[in-house]
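Reviewing the structure listed below.
The values are calculated or read from the model by the stated rules, or taken from the named source; none is laboratory data. For clarity, every value in this text was computed on a predicted model and none was experimentally measured. Virtual Cβ from ideal backbone geometry, glycine too; neighbours counted across all protein chains shown.
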Amino acid sequence: METQSTSSGLSGPKDRPAVLKVALLSFFTRWGPLVILLLLCAVIGLIQPRFLTFSNIINVLHRSATLLIVAMGMTFVILTAGIDLSVGGVMGLAGAVLVGASRLPVVEHFALAAALLLGAAVGCGNAFMVTRFRMAPFVVTLATMAITRSITWVYTGGNPLTGVPSYVAFLGRGHVGPFLQPSCLPWCSS
């Protein structure tokens, strides 16, 4: 006896578990991380009621702003089957250049541009090494990470730098309505 084929190409009731399995796999492949994040937030919210307060959510957005900006850039690198291990080192070096240049009277107003240009130059250098010499992105960016972290350490002496200009401090500590400025930056940069 032959069973009739359905429009999906599967036959009869015995294939329903397979269809359900495919549907669940498709759903969790697409929405799994978000579902897990929401479940985790719900559980933590039940354990600690202050977790889901407005002020804590704003605080989490503020603390993760820098990571979100870096992650958005890394998304494009990873989508093109690349990897960039140097982002943290470049970010640290650019921050040190920003603070250092802002202390010099002649270039203090160009400190932010200098930091951004440094980051772009290092990125272009990485791209040049990978494309021109066909070096593995992992190796190039690992070396760049070591170099930039070393330069930053030598420049700062391993100590935190202070004396950030007011316009840069606003980017890190200013407010836009009830939101801290860094909380808004990832959304503006996307």
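So here's what we get for this one:
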| item | result |
| --- | --- |
| Candidates CYS188, CYS124, filtered to the one that is under 24 Å from ALA71 (Cβ atoms), modelled with pLDDT of 95 or more and surrounded by fewer than 13 Cβ atoms within 10 Å (Cβ to Cβ) | CYS124 |
| Residues of segment 66-81 that turn out to be in contact with a Pro (Cβ under 8 Å, 6 or more places away or on another chain) and over 18 Å from GLY119 (Cα atoms), as a count | 0 |
| Matching option when the condition is farther than 21 Å from MET145 by Cβ, part of a helix (DSSP H, G or I), within 17 Å of the chain's Cα centre (by Cα) and among the hydroxyl-bearing types (Ser, Thr, Tyr), among SER64, SER55 | SER64 |
| Hits in segment 67-93 (condition: surrounded by 14 or more Cβ atoms within 10 Å (Cβ to Cβ) and either over 30 Å from ILE151 (Cα atoms) or of a type in the set (Val, Ile, Thr) (or both)) | ILE69, VAL70, VAL77, ILE83, VAL87, VAL90 |
| Every pair of residues 6+ apart whose Cβ atoms lie under 7 Å, when the first sits in segment 50-71 and is assigned by TED's automatic domain parsing to the domain that holds ARG173 while the second is surrounded by 13 or more Cβ atoms within 10 Å (Cβ to Cβ) and outside any helix (DSSP H, G or I) | ILE58/PHE179; ILE58/LEU180; HIS62/LEU180 |
| Of the criteria (1) out of contact with any helix residue (DSSP H, G or I) (no Cβ under 7 Å at 6 or more places or on another chain); (2) hydroxyl-bearing (Ser, Thr, Tyr); (3) in contact (Cβ under 8 Å) with a residue 60 or more places away in the chain, which one SER166 fails | (3) |
| Members of segment 75-93 found to be among the aliphatic types (A, V, I, L, M) and part of a helix (DSSP H, G or I), listed by number | VAL77, ILE78, LEU79, VAL87, VAL90, MET91, LEU93 |
| Residue list for segment 96-113, restricted to those being small (Gly, Ala, Ser), without any contact (Cβ under 8 Å) to a residue 60 or more places away in the chain and under 15 Å from THR152 (Cα atoms) | ALA101 |
